[in-house]
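This report concerns only the one structure given below.
Each reported figure results from applying straightforward, stated rules to the coordinates on display, with no laboratory input. Since we're looking at a predicted model, the values are computed, not measured. Note: ideal-geometry Cβ built from the backbone for every residue, glycine included; neighbour counts use all protein chains shown.
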Amino acid sequence: MIVAMQDQATEAHIQSVIERMVELGFNVHRTTGATQVILAGVGNPAQFDVTEFQVMGGVQDAYRISSPYKLAGRSFRPEGTKITFRNGTVVGGEEVVVMAGPCSVESKEQILLSAQQVAAAGGKFLRGGAYKPRSSPYSFQGMGIPGLEIMREAADKTNLLVISEVMEISQIEPMLPYVDVFQVGARNMQNFNLLRELGHVRKPVLLKRGIAATIEEVLLSAEYILAGGNYDLMLCERGIRTFETYTRNTMDVSAIPVLKKLTHLPVFGDPSHGVGKREFVPALALASVAAGADGLLMEMHPNPDKAMSDGAQSLFPDQLTQLVNQMKALAPIVGRNVGGK
């Protein structure tokens, strides 16, 4: 159930509604929008009459939620979620935010050079994998905490934020000092124990769509994180597995506007994994911007031909710069900007 309070509702009005919802067995999530407070009741209470809430003091409207995702639905935050970071970057606003960097942390020199190149191109986040979920157990698995230390140092020197993938619950606490965003990869989209723990962390999370996940399944996975009280959540379309074999995945650009309609959460596109071939990444990145993406997560390596992982889909530094310039030209057409005003 959603209860939308009136603009002039007092704190006493709000607390009265919350107390009644709790009495009925709801777990209440409160969010404050631009002009009003929204109360979302989640759970399986006994029968209740929604009209009881519609006539309570300070209530503008109250209605049942028919969708299975209660907190991820746009009705919980009709104006949309904005996430503000310590360097002033805002995700979910007018700016299309660029997150870029290599697939894997390989060395201190490689990451510092990558950070400098990402910052010079106009990116706001340095991405890189310290823990790498690989299909083969013999592939490079990442540097772990030493890799995160390298990323943090390089990002601080270039005024960038850090996003890196978390693979299991035991990695959350050690990663906290080093990352600004926890990335949940496609393989872990339905790792519900991990999602539940990330719901208790007060640090933003970017949740990638699974390789065969429906949009509803993505939103239900998001619900696990939101239900824990962590509302700083972003979703990411990174391509799904279909019958097509020419590209690594099939980039479902249509998922971006659909998610923007269904949820209040910021939505990113990952064209690097979406197609898996460097030559097609710029086209899919621009398509994502046109479709309404709030940001892009892309792989860029100082020397992709010698990358330890995903070199074939990683942009060269000059390609990233050129692409961001193209995005700057496109974004105003859809009411956005790149790099801030």
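How far apart, in nm, are two points set 7 Å out from the Cα along the Cα-to-Cβ line at R86 and at D61?
4.0 nm
What is the sum of charges, Lys and Arg at +1 and Asp and Glu at -1, for the other residues whose Cβ falls under 10 Å from the Cβ of F53? Write out the running numbers ahead of the final one.
Numbers: positive: R20; negative: D49, E52, D61.
Taking every other residue near F53 into account, the sum is -2.
Sort segment 2-66 into rounded, prolate or oblate with this rule: let a ≥ b ≥ c be the square roots of the eigenvalues of the Cα gyration tensor; rounded if a/c is under 1.5, and if a/c is not under 1.5, prolate when a/b is larger than b/c, oblate otherwise.
Numbers: a/c = 1.64, a/b = 1.53, b/c = 1.07.
Taking the square roots of the gyration eigenvalues as a ≥ b ≥ c, segment 2-66 is prolate.
Angle between the Cα long axis of helix 281-291 and the longest principal axis of the chain, 0 to 90 degrees, nearest 10?
That helix lies at roughly 20 degrees to the long axis.
Could you pull out every one of the lysines with an alpha carbon less than 30 Å from that of K70, ignoring same-chain neighbours closer than 8 positions?
Output for K70: K82, K203, K208, K260, K261.
Which residue fluctuates the most in the chain, going by a Gaussian network model with Cα springs under 10 Å, if the choices are G122, G25, G185?
G25
Distance from the Cα centre of segment 42-58 to that of segment 233-288, in angstrom?
If we compute the Cα centre of each part, the gap is 39 Å.
How do V162, V55 line up, fewest other C-beta atoms within 10 Å first? Mind dumping the intermediate values first?
Values: V162 23, V55 8.
Ordered from fewest to most neighbouring Cβ atoms within 10 Å, V162, V55 come out as V55, V162.
Compute a Gaussian network model of the chain, connecting alpha carbons closer than 10 Å, and tell me which residue from G199, G88, G41 fluctuates the most.
G88
Can you give the angle from 0 to 90° between the axis of helix 317-330 and the longest principal axis of the chain, with both taken from C-alpha atoms, to the nearest 10?
The angle comes out at about 40 degrees.
Report the residue, chosen from V267, V166, V37, that carries the largest GNM mean-square fluctuation when the chain is represented by alpha-carbon nodes joined by springs under 10 Å.
In the Gaussian network model the winner is V37.
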